[in-house]
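Let me begin by presenting the structure, written as structure tokens, before commenting on it.
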Amino acid sequence: MITNDNKCLLQIPKTGTMTMLYLGNSNRANKNYKIHGGRFDKIHMRYDQGIENGTINTDMELYIVSRNIYYKLCSAFLFRKVNRFTFKYPKRVERIKNMFKNFVMNNLERLYNESMEFDKHNKMMNYFLRPMTAYCKGCPKEKLHIIPLDDKEKFISGLEKFFEIKIDPTKLPRKHKSLGLSNYMDFYTPEMIEIVNKLYKDDFEFFGFEMK
């Protein structure tokens, strides 16, 4: 979570966190920005947590970066289970596709449910699989500003508005210059999509994403 006196930027895992931290570190001195970090639960603090512990208040404007649910889920799996994944090697791609299919078909629902038990399950993967709506639950809609990661221009302009600066995309952290991979849908079968649509129904509706 990044805040100043009247604004808060929620940081949901796999929605450009490194870009936000980079901008926060480079601009907090002149705009009084504070990065609440150190532990994973502070970096990715939920809105209701922030209200409860006094980090933020209900008068603040809330900014949140959203990401295509199918892409976000696949990205989280690759980051935690595969790391340094590349689409260059066909045999490896097929093997990882099968790993991801097994994960979604046999484990996703259980892990999704665990991720919603906030006080009981706080492993990194729980944060990654938690629906985006869980992070902004309770926030007044009139205070909420949604920044779509999948739209490069809107992503940049949304962060410019929050940090009150002009952003040069060429100077963003290297990992995030592409702002997502279009290949992710190739990892899904109709059966997998059905499971994701059921579990993340609220995210699709709240953030206006189209179900496949």
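Averaged over residues, the count of other Cβ atoms within 10 Å places the peptides 61-73, 91-103 in the sequence 61-73, 91-103, highest first. Ordered by the count of other Cβ atoms within 10 Å of each Cβ, fewest first, 159, 9 give 159, 9. Given R0 = 41 Å, the distance between the Cβ atoms of residue 193 and residue 52 translates into a calculated FRET efficiency of 0.70.
Placing pseudo-labels 7 Å out from each Cα toward the beta carbon at residue 202 and residue 92 gives an inter-label distance of 3.7 nm. Amide H contacts for residue 136 (H built 1.01 Å from N in the peptide plane; partners 5 or more residues away or on another chain; cut-off under 5 Å): 47. Once the Cβ-Cβ distance of residue 154 and residue 79 is raised to the sixth power relative to R0 = 30 Å, the FRET efficiency obtained is 0.80.
Given +1 at the Cβ of Lys and Arg, -1 at the Cβ of Asp and Glu and no other charges, the dipole of region 123-168 around its Cα centre is 340 debye to the nearest 20.
For residue 119 and residue 212, a Förster radius of 30 Å and the Cβ-Cβ distance give a FRET efficiency of 0.35, rounded to the nearest 0.05. Applying a threshold of 26 Å to the alpha-carbon distances of 7/137; 166/201; 14/141; 123/143; 72/97 flags 166/201; 123/143 as lying beyond it.
No value in this document is a laboratory result; all are computed from the given coordinates. Predicted, not measured: the structure shown is a model, and the values here were computed from it. Counting neighbours? That spans all protein chains shown, and the Cβs are built from the backbone with ideal geometry, glycine included.
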